[in-house]
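In what follows, a structure is listed as structure tokens, so that the remarks can point back to it.
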């Protein structure tokens, strides 16, 4: 009985000493958190999507507070909350933040079943990552969309769906927050964040095929062949052709759409532009009209 009592007393003494030591250590090495971090965190939407470049909203809040202490939070933006949330954060931290143009995800591939026929059958794990790591896919294009929907699974906002007819992902502009999760999930980097544009109007090259023109055109009817016609017609130097494929800089593009009209394959697309109504043909002049004109 004495042995049990002694054991209890010894263990209790050890626990008491350990608790005192832990308390002293916690006080000595305590890290005080800036209360502004919690305040900023309450303003942020809490999506934890990673679109800001941090693992979650907590990392973003910490970076914003540190940026404010250094005198600038430029370059830090919450794609989900947008300018409204960033304005509240700026007011909270006593900073001024520049208005950022809204962005949206675009799918830079138009290789639908109609334009890019299947030449092989893939029988394996149906994820883009798996297909991309094992083969070129089910078509002759080794750069286009694989159609397994990794981007759909990565989107937390239900902004992407797969079109059953084309086999390509479709972005819902109203739901897209430009978090970039879909772009990161795509192993072929065909999804890009671009400026949403005035009235949602955008012009971009819907192809990333880097093969030479003849090879690219054989694999997909609407592939960019790198002919450079769009580059020549652009007066704003917004288009470059590199590695056999054209690219439009959305910061330089003035949305004149001349490049779209010039493209021989239809690889350049314009989104949300009004449909042009053709001008009615002038009626042919009759013999009576000619005599009246001569008189």
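The values are calculated or read from the model by the stated rules, or taken from the named source; none is laboratory data. Just so it is clear, the model here is predicted, and its values are computed rather than measured. Note that we place each Cβ from the backbone using ideal geometry, even for glycine, and neighbour counts take in every protein chain shown.
Numerical summary
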item: Members of the range 221-264 that are within 24 Å of the chain's Cα centre (by Cα) and in contact (Cβ under 8 Å) with a residue 60 or more places away in the chain; result: 222, 223
item: Which listed residue is touching a helix residue (DSSP H, G or I) at 6+ places or on another chain (Cβ under 6 Å) and more than 25 Å from residue 179 (Cα to Cα), from 34, 69, 62; result: 34
item: Residue selected from the range 160-169 under the condition at pLDDT 95 or above and surrounded by 17 or more Cβ atoms within 10 Å (Cβ to Cβ), by the criterion farthest from residue 215 (Cα to Cα); result: 160
item: Within the range 37-47, tally of residues that are surrounded by fewer than 17 Cβ atoms within 10 Å (Cβ to Cβ) and under 17 Å from residue 157 (Cα atoms); result: 2
item: Output for the range 37-48, where each listed residue is in contact with a helix residue (DSSP H, G or I) (Cβ under 6 Å, 6 or more places away or on another chain) and not in a helix (DSSP H, G or I); result: 44, 46, 48
item: Residue in the range 56-74 that is within 23 Å of the chain's Cα centre (by Cα), under 21 Å from residue 194 (Cβ atoms) and surrounded by 16 or more Cβ atoms within 10 Å (Cβ to Cβ) present; result: no
item: Qualifying residue in the range 170-191 (condition: buried (at least 20 other Cβ atoms within 10 Å of the Cβ) and free of Cβ contacts under 8 Å to residues at least 24 places away in the same chain); result: no
item: Which listed residue, of 111, 137, is buried (at least 16 other Cβ atoms within 10 Å of the Cβ) and either closer than 23 Å to residue 204 by Cα or in the same structural domain as residue 81 (by TED's automatic domain parsing) (or both); result: 111
item: Number of positions in the range 201-220 that are closer than 29 Å to residue 44 by Cα and either buried (at least 18 other Cβ atoms within 10 Å of the Cβ) or within 15 Å of the chain's Cα centre (by Cα) (or both); result: 1
item: Residue in the range 17-36 that is at pLDDT 85 or above, part of a helix (DSSP H, G or I) and surrounded by 12 or more Cβ atoms within 10 Å (Cβ to Cβ) present; result: yes
